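A short worksheet on the structure shown next.
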Amino acid sequence: MPRGQKSKLRAREKRRQARAETQGLEDAQATGAAAAAAAAAGESPSSVYPLFEDRPQNMPAAGTSSTPEEPQGITNASAAVSCTNSDEGTNSQKKESSKSSKGTKDSRRDPLHKKVVLLVQFLLQKYQKKEPITKADMLKFVIKKYKCHFNEILKRASKHMELAFGLDLKEVDPTRHCYALVSKLDLTFNGTMNEEENMPKTGLLMIVLGVIFMKGNCAPEEEIWGVLNMMGVHAERKHFIYGDPKKVITEDLVQLKYLEYRQVANSDPPRYEFLWGPRAHAETSKMKILEFLAKVYDTVPSAFPSWYEEALRDEEERAQARMAARARTAAMASARSRATASNFSQAK
């Protein structure tokens, strides 16, 4: 074979490998740091993580009028796992696998898919660097020739930022079209965490808080990891987004008082369980967590009847506590005012 032809073949093979590596990187980012872009038109959160699979069959989509039976928790999203020993379970798994594969292929054919991935990456970079986010920059560096689809691409990317990272994209200046990413919780890690670890972890925290809530406000550690494993988050494995998940959940979030991690009484060998920490009670509520999980399942909070009722009771108790606190503050202010007036009168 002539030398020139060999060079051409080598160059062609290098280009093919480069394209394959680029595609592989995009796929990893779509399910990892980008967490996002496995979405087709009418996308489902199932393409972000396995946890976000299609909602249980007894759970309606938002806007439907039927009242579902009580779902058995977040883990029902992967119900096929629990019945793998039966023929029915095997068939269910095959159907779910086929559905997931089909969804991935559909998303690859979606012309906006890659733009959603890139926009999520762009937003994360801006968030990490604390740089302003403008529509002009998004159009210039990401959207480019898809300008007429800007609103749809932004909508999809915003949804993924919320579900995967617990970050809301808000327009803070409608005139100049400036945006900001706002954490659903005031999650501020201490200075001991390095740059690599300082990724948004609010989404992970909200999933854990949701599991705790759905397990009766106290969840065994194995239940937490059972759900996180379905998301591709494992205690013994470094995660593309969250770094060392076990450290984040059992140390960082505990030190920040978002979670309480304690040994189960009289357990031998020792077992552990999670509860909401005082900071979680202060900065979020059961209703907010339920609203987050409802978005994951593409439904409404009232689709979870018992949890919805508990969340409503929690909201009422919080409202009463706020009223009582305001009454105490007003009483103390009134008492100080009377004391000041009395002192002034005596001084005369």
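Among the listed pairs Lys115/Lys155; Lys126/Lys147; Lys114/Lys140; Lys126/Lys246, those whose Cα-Cα separation exceeds 22 Å are Lys126/Lys246. Convex hull volume per residue, computed on the Cα atoms of segment 288-348, equals 67 Å³.
Full extension from Gln128 to Ser345: what is 0.36 nm times the residue separation minus their Cα-Cα distance, to one decimal in nm? Walk me through the intermediate numbers first.
On the way: separation 217, 0.36 × 217 = 78.12 nm, distance 5.86 nm.
Fully extending the segment from Gln128 to Ser345 adds 72.3 nm.
Label positions at Asn229 and Arg10, each projected 7 Å from the Cα along the C-beta direction, are separated by 4.8 nm. Take the Cβ atoms of Gln263 and Glu283, set R0 to 22 Å, and the FRET efficiency comes out at 0.30. For Val182, the accessible surface of its heavy atoms amounts to roughly 60 Å² (probe 1.4 Å, protein chains only, rounded to the nearest 10). Put simply, the amide H of Leu259, placed in the peptide plane, has neighbours under 5 Å in Val254, Gly277, leaving out anything fewer than 5 places away on its chain.
If you roll a 1.4 Å probe over segment 148-307 with all protein chains in place, what percent of the accessible area is carbon or sulfur? Percent of accessible area from carbon and sulfur atoms in segment 148-307: 50. The candidates Asp168, Asp252, arranged from most to least accessible area with a 1.4 Å probe in the full protein assembly, appear as Asp168, Asp252. Taking Cβ atoms as reference points and 14 Å as the exclusive limit, the residues near Pro132 contribute a net charge of +3, counting Lys and Arg as +1 and Asp and Glu as -1. List residues of segment 279-296, by number, whose backbone nitrogen lies under 14 Å from a label position 7 Å along Cα→C-beta of Arg318. Residues 279-293 qualify, since their backbone N sits under 14 Å from the label point.
The values are calculated or read from the model by the stated rules, or taken from the named source; none is laboratory data. Everything quoted here is computed from the prediction, not taken from an experiment. Glycine also receives a Cβ, built like all others from the backbone with ideal geometry; neighbour counts cover every protein chain displayed. Side chains included, ligands, DNA and RNA excluded: accessible areas come from the protein's heavy atoms. Shrake-Rupley method; radii C 1.70, N 1.55, O 1.52, S 1.80 Å.
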